[in-house]
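Notes to accompany the following structure.
Only the coordinates and a few stated rules stand behind these numbers; no lab work does. These figures come from a predicted structure and were not determined experimentally. Glycine also receives a Cβ, built like all others from the backbone with ideal geometry; neighbour counts cover every protein chain displayed.
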Amino acid sequence: MDTRFLGIAELDEVPSVAVVVDVMRAYTVAAWAFARGAEKIVLAESLEEALALKASHPDWAALKDGPPAPGFDMVNSPGLLRSVDLGGRTVVQKTTAGTVGALAVKDASLVLCAGFVVAEATARLLRTRAGDSVTFVVTGEDGQADEDLACAQYIARRATEAETDATEYVRRAAASRAAGELAEGVRQGVHPDDVELCLEVDRFPFAMVATLEDSLMVLRPYAAPSPADDTWI
């Protein structure tokens, strides 16, 4: 499997397969939203679009980075989200980096969104696409976020070597700037357990696939294919 690791600004062409990585915290939060019952997640281009979608669909729940704000139901924190009942609901998510990265590759043939919590399921799906070139989009810090790069490299390695040990990759993520800022309370809209939750490996058994649906980029969970299943996509 041919792999590239690029920041959002470095994307110079539409990739065939893209894995958009945001460990702290967009795609950890997305996975928790699905675990709490969400049916789908709409990835919004702006806060204004998120609020407009919520206004058009009052039963949807809107989520953003930072502190609580009028019109938004939740903030981008796995620790705060894990006690919320989202059974059957649609979530609109807008974050600083994660959602931006997914929208930047919306025309790829396959877009996966990932963090450590869905690493194995993501890697298993990539194994079914072994002949493709895979672009890992490192969303944080203009492509320099070590937690995202570590996770991307781990998933890439695990896609070809299923027994890859996560320890060193998780250690790098735990020592990252983002982890430090979350732990120290530099960022707003944070729960004390957020870093720990973001560093859980394989907490959930599904991958997350984003596709265009009626001009919206929609993220949904998909059960990981079995190792013998190469016709899943």
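Among V29, V17, V201, the order by Cβ neighbours within 10 angstrom, fewest to most, reads V201, V17, V29.
I need the Debye-formula profile for the chain: one equal scatterer per C-alpha, no solvent, reported as log10 I(q)/I(0) at q = 0.08, 0.11, 0.17 1/Å, two decimals. So the normalised log intensities are -0.25, -0.48, -1.23. Residues in the range 64-88, backbone N under 13 Å from the label point at Q188 (7 Å along the Cα-to-beta-carbon vector): list them, ranges by number please. Only 64-70, 75-76 fall inside the zone, counting backbone N under 13 Å. Averaging the sequence gap over all C-alpha pairs within less than 8 Å and six or more residues apart, then dividing by the number of residues, gives the range 1-134 a relative contact order of 43 percent. Ranking of T139, T160, T128 by neighbouring Cβ atoms within 10 Å, starting from the fewest: T160, T128, T139. Relative contact order of the chain, taken over Cα pairs closer than 8 Å and 6 or more residues apart, is 32 percent.
Other residues lying with their Cβ under 15 Å from the Cβ of L53 contribute a combined charge of -3, Lys and Arg counting +1, Asp and Glu -1.
Take T135, T211 and order them by how many other Cβ atoms sit within 10 Å, fewest up front. Display every interim value, and only then the final one.
Numbers: T135 23, T211 13.
Ascending number of Cβ neighbours within 10 Å: T211, T135.
Within the chain, antiparallel bridges make up roughly 35 percent of the DSSP beta bridges whose residues both belong there. The charge dipole of the range 85-216, taken about its Cα centre with unit charges on the Cβ atoms of Lys, Arg (+1), Asp and Glu (-1) only, comes to about 300 debye.
Taking 13 Å as the straight-line reach from the Cα of K54, the aspartates and glutamates in range (excluding those fewer than 8 positions away in the same chain) are D73.
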